[in-house]
Number of protein chains: 2
Amino acid sequence: MTTKQLIAQIHKKKSFLCVGLDVDLTKIPEHLLKEEDPIFAFNKAIIDATHEFCVAYKPNTAFYEAYGIKGWMALEKTINYLNTNYPEIFTIADAKRGDIGNTSTMYAKAFFDDLGFDSVTIAPYMGKDSVEPFLAFEDKHTILLALTSNEGAFDFQTKKLEGTALYKQVLETSKTYKNAQNLMYVVGATKATYLQEIRQIVPDNFLLVPGVGAQGGSLKEVCNYGMNKNVGLLVNSSRGIIYASKGENFAQEAMKNAKELQNQMAQELARKF
Amino acid sequence: MTTKQLIAQIHKKKSFLCVGLDVDLTKIPEHLLKEEDPIFAFNKAIIDATHEFCVAYKPNTAFYEAYGIKGWMALEKTINYLNTNYPEIFTIADAKRGDIGNTSTMYAKAFFDDLGFDSVTIAPYMGKDSVEPFLAFEDKHTILLALTSNEGAFDFQTKKLEGTALYKQVLETSKTYKNAQNLMYVVGATKATYLQEIRQIVPDNFLLVPGVGAQGGSLKEVCNYGMNKNVGLLVNSSRGIIYASKGENFAQEAMKNAKELQNQMAQELARKF
């Protein structure tokens, strides 16, 4: 999917919501455990219920890998279901990969060509030749971890690397990579005040913002500091939507919460566009 | 496996060789492609031929994920084969994972409990709460990327973070993590001169050193600067061993190259112990 197509979808749906498909068998409704593939059954129901209100889905691959072969089969079924039934949806493999050139190319092929994801999240620690193999794929997007939303982000990311915080160096340096136009960045929403500084370095790139809950606490702040002329934001919610209820009505409750977030997003978009 | 058991194996076999099982279907002998599971057939033959000369095997998970479900099945069969037939061998899932706490726990369970690996490689970018879930597993080992052997290592790792190179900060900071005794570090062999400085920060930890070829170019230098009183080194060779030949005799040729490296290692060990 091109960035243009993604922007068009955002305006059409009045939403820049990404739903995180982080499926944990201990948290999904019990009646689904009887299904042949409970993970896929859960995802299918969530997708069918929420797709009108979001523009992207983001399975975190760890949750699938944790279930071995069965998990991978569920991931394959999920991405195939999305690509077949909702091809207008932007898909993110939240895999946080990063390896040397040759190996990165294998990962890129696996996620982009074989599984058919539009994008994949990548860790920057190994630098240029670990990232560029992903950037080489046309109309595919590489979402680089810049500033994550966890406590450990303060271990290295916010520390000064040759005068500038490491996460800013990641932004600055990655801009010089070949095919840098295919870059997006992960920026934790719990640090919305950082967004202003980030936008000075990467005014045009899309930012994937995790950490905004169903209550939409800091959504306004994220939009104030992070939105650009192309919207430039994908705001993720995982547990707040997919685990809205553990009852038989889980998909309807997920839809309600997705709709509520979409409503707030529509207001933010109306203010700017 | 405990660190003590690993050290005992090193002295028994007079080897600290790790064989990288980075299986690429375009590089393995053609006659194996007729097998039901060519990847596993290749690994089994390589393992049977080389196990006397090495103390560890390291499948890079990217190579398996690149083949989807079939790849994961081959990885499972490989680790099961190792654990059943050669339980004295140290196993490394070269996965370079790193995610927030909850998700790291799922990865740790998948690699340590379900697949039964002794260790897994982890990227440090997300800091403490992305690493500690791995460290919590007793007699399992977390191998943190410190200084990698690729060109991109100079993008961030060698730059100064608050006065000290980022890779040294990773060493210093990770030493303060809970259960830090379960840490090992990846240190690229192409920078053997860095090893002296690294040993000042982490005198006791094992170092996993990639980038030493079949010719053993810098093995002596790695040993001079990196070996400690417990040996403290695992030196990896992948392509130099497993792709020694593309003919029917591939396993014998792999054995020859493994044996040659083991011989050089035995000499280095004899010099010190």
0 to 90° range, to nearest 10: angle between helix A:3-13 axis and chain A longest Cα axis: 50 degrees
Table column - 3J(HN,Hα) (Hz), region A:219-232, Karplus curve with 6.51, -1.76, 1.60, x for Gly and Pro: 4, 4, 5, 4, 5, 4, 9, x, 6, 10, 5, 9, 6, x
Accessible surface buried upon A-B contact (total; probe 1.4 Å; Å², nearest 100): 4800 Å²
Accessible area per residue, Å², region A:3-272 with all protein chains present, probe 1.4 Å: 37 Å²
Residues in region A:231-273 that a label on A:Lys220 would reach, taking backbone N under 13 Å of a point 7 Å out along Cα→Cβ: A:264-265, A:267-268
For region B:250-262, 3J(HN,Hα) per residue [Karplus equation, 6.51 cos²θ - 1.76 cosθ + 1.60, θ = phi - 60°, Hz, x = Gly/Pro]: 4, 6, 5, 5, 4, 4, 4, 5, 5, 5, 4, 5, 4
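Ratio of Rg to Rh for region B:197-249, alpha carbon only, Kirkwood?
Details: Rg = 13.8 Å, Rh = 12.4 Å.
Reported Rg/Rh (Cα atoms, Kirkwood Rh): 1.11.
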³J(HN,Hα) computed for each position of region A:83-90 - Karplus, 6.51 cos²θ - 1.76 cosθ + 1.60, integer Hz, glycine/proline x: 5, 7, 8, 9, x, 7, 7, 7
Spherically averaged projected area in nm², based on the convex hull that wraps the Cα atoms of region A:3-272: 13.4 nm²
Of A:Lys96/B:Lys159; A:Lys140/B:Lys44; B:Lys12/B:Lys175; B:Lys13/B:Lys70, pairs whose Cα-Cα distance is over 26 Å: A:Lys140/B:Lys44; B:Lys12/B:Lys175; B:Lys13/B:Lys70
Inter-label distance for B:Asn83 and A:Glu138, nm, one decimal - labels placed 7 Å from Cα along Cα-to-Cβ: 4.5 nm
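Report the calculated FRET efficiency for A:Lys178 and A:Glu52 (r = Cβ-Cβ distance, R0 = 25 Å), to the nearest 0.05. Intermediate values should be presented prior to the final figure.
Values: r = 37 Å, r/R0 = 1.50.
Using R0 = 25 Å, I get an efficiency of 0.10.
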Distance from region B:173-198 to region A:218-273 (C-alpha centre basis), Å: 42 Å
Heavy-atom accessible area ranking, 1.4 Å probe, most first, across A:Glu253, B:Glu138: B:Glu138, A:Glu253
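Rounded to the nearest 0.05, what FRET efficiency is calculated for A:Thr158 and A:Asp204 with R0 set to 22 Å and r the Cβ-Cβ distance? It would help to have the intermediate numbers written out before the result.
On the way: r = 23 Å, r/R0 = 1.07.
According to the calculation, E is roughly 0.40.
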Alpha-carbon spread of the protein assembly as shown, three principal axes, descending order, Å: 74, 53, 39
Ascending list, in nanometres, of distances separating the A:Thr2 label from those of the other copies (7 Å, Cα toward Cβ): 6.3
19 Å reach of a label modelled at A:Ala8, 7 Å along Cα-to-Cβ, counting backbone N of region A:76-91: A:83-91
Accessible carbon and sulfur surface of chain B relative to its total accessible area, %, 1.4 Å: 48 percent
A:Arg271-B:Lys34 pseudo-label distance in nm [points 7 Å out on the Cα-to-Cβ vector]: 6.9 nm
Principal axis dimensions, region B:10-146 - Cα atoms, whole angstrom, descending: 46, 38, 25
Cα centroid separation, region A:94-109 to region A:33-67 (Å): 24 Å
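The values are calculated or read from the model by the stated rules, or taken from the named source; none is laboratory data. These numbers come from a predicted model, not from an experiment. Quick reminder, even Gly has a Cβ in these numbers, built from the backbone with ideal geometry, and neighbours come from all protein chains shown. Calculation scope for accessible area: heavy atoms of the full protein, side chains included, ligands and nucleic acids excluded. Shrake-Rupley method; radii C 1.70, N 1.55, O 1.52, S 1.80 Å.
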